[in-house]
Amino acid sequence: MPGLIGKKIGMTSIFSEEGKNIPCTILEVGPCTVTQIKSDEVDGYNAVQIGFEEQKEQRVGKALKGHFAKAKSLNLKKLVEFSSFDEVKLGDTLTTDLFEEGDFVEVVGTSKGKGFQGVVKRHGFKGVNDATHGQHNRQRHPGSIGAASYPARVFKGMRMGGQMGNARVKVENLQVVKVLSDRNLIIVNGSVPGANNSYITIEK
């Protein structure tokens, strides 16, 4: 599916023609530059690599500088590959014209990192209100996790405390409410993973 790279600007709400207040997310999308076209013969698969947001020259290595020079592109911060694009050439600029109001899109971002969290926050355990076997006077502990002499181990996938957030999250079927091409903005209905100013990809 064709797509673009962008940034999450933040959330707002707009009123529909029926007077409903719709929660929306504003995305700054593009302009993106085609930096490489991969082919089955050369690379073993077909894809289009695009880049987003200009980078300072001193922060780019020699290899990447040559890569961008080949595409006659600026030095870019974020590079992403997409599996299908219709008739694009090296160095082409892609903008929000790829999307129209009413389109349904999927957005991929990195969720906010929460650090190490316990079972109450991470998995929604109730804690002391529903104290279970093995949970004596520990208000937010998981309780007993073991079985018996058989299987004499803890099964993989047991819901326990651990790292929460900071993971790749995809949200599907978000409807494009408005496209502001002059400002490179797309407004979608609903929420998008990640903090403000974090990178996202949006695909049709």
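Which ³J(HN,Hα) values, rounded to whole Hz and listed in residue order, are derived for segment 188-198 from phi using the Karplus coefficients 6.51, -1.76 and 1.60 in 6.51 cos²θ - 1.76 cosθ + 1.60 with θ = phi - 60°, glycine and proline given as x?
Whole-Hz 3J(HN,Hα) from phi for segment 188-198: 10, 7, x, 9, 10, x, x, 7, 4, 6, 8.
On a straight-distance basis, which aspartates and glutamates could pair with Lys121 in a cross-link, Cα separation under 20 angstrom, same-chain partners fewer than 8 positions away excluded?
Correct list for Lys121: Asp130.
Which residue, chosen from Ile50, Val88, Leu76, occupies the Cα position most advanced towards the positive end of the dipole of segment 1-91, where the dipole is computed from +1 (Lys, Arg) and -1 (Asp, Glu) charges on Cβ about the Cα centre?
Leu76
How much of Glu81 can a 1.4 Å solvent probe reach, expressed as accessible area in Å² and rounded to 10?
80
Calculate for the chain the 222 nm mean residue ellipticity that helices alone would give, adding -39,500 (n - 2.57) per DSSP H run of length 4 or more and normalising by residue count, nearest 500 deg cm²/dmol.
Estimated from H runs of four or more residues: -2000 deg cm²/dmol.
What is the magnitude of the charge dipole of the chain about its Cα centre, with +1 placed on the Cβ of each Lys and Arg, -1 on the Cβ of each Asp and Glu, and no other charges, expressed in debye to the nearest 20?
1640
Could you report the accessible area of Val192 in Å², rounded to 10, computed with a 1.4 Å probe on the protein chains as they sit in the structure?
In the full protein context, Val192 sits at about 10 Å².
Mind jotting down the distance between the C-alpha centroids of segment 44-106 and segment 144-204, whole Å?
Using only Cα atoms, the two centres lie 24 Å from each other.
Provide the solvent-accessible area of His141, counting protein heavy atoms only and rolling a 1.4 Å probe, rounded to the nearest 10 Å².
The accessible area of His141 comes to roughly 100 Å².
Which far-off residues, 5 or more places away or on another chain, put their amide H under 5 Å from the one on Gly190, with H placed in the peptide plane?
Those lying under 5 Å, H to H, from Gly190 are Cys24, Thr25.
7 Å from Cα along Cα→Cβ at both Thr93 and Leu64: what's the point-to-point distance in nm?
A separation of 2.2 nm, rounded to one decimal place.
Check Asn75: other-chain or 5+ apart residues with amide H under 5 Å from its amide H, H built from backbone geometry?
Answer set, sorted by chain and number: Gln55.
Give, in nm to one decimal, the length gained when the segment between Gln139 and Lys121 is fully stretched (0.36 nm per residue of separation minus the Cα-Cα distance).
5.2 nm
Over segment 92-204, what percent of the accessible surface lies on carbon and sulfur atoms, probe 1.4 Å?
Accessible surface attributable to carbon and sulfur in segment 92-204 totals 47 percent.
Going down the table (Lys7/Lys178; Lys78/Lys178; Lys7/Lys78; Lys8/Lys204; Lys65/Lys89; Lys8/Lys170), which pairs top 22 Å between alpha carbons?
Violating the 22 Å Cα-Cα cut-off are Lys78/Lys178.
Each residue of segment 99-113 in order: what ³J(HN,Hα) in whole Hz does its phi give by Karplus 6.51 cos²θ - 1.76 cosθ + 1.60, θ = phi - 60°, with x for Gly and Pro?
10, 10, 4, x, 5, 9, 10, 10, 10, 10, x, 9, 5, 5, x
Using the heavy atoms of the protein chains alone and a 1.4 angstrom probe, what is the accessible area of segment 51-183 per residue in square angstrom?
73
Please list 3J(HN,Hα) in residue order for segment 169-180, calculated via the Karplus relation 6.51 cos²θ - 1.76 cosθ + 1.60 where θ = phi - 60°; whole Hz, with x for glycine and proline.
Each residue's phi maps through the Karplus curve to give 10, 10, 10, 9, 6, 8, 8, 6, 8, 9, 10, 9 Hz.
The values are calculated or read from the model by the stated rules, or taken from the named source; none is laboratory data. Quick caveat: nothing in here was measured; it's all calculated off a predicted structure. FYI the Cβ positions are ideal-geometry reconstructions off the backbone, even for glycines, and counts take in every protein chain you see. Keep in mind that these areas ignore ligands, DNA and RNA; they rest on the heavy atoms of the full protein, side chains included. Shrake-Rupley method; radii C 1.70, N 1.55, O 1.52, S 1.80 Å.
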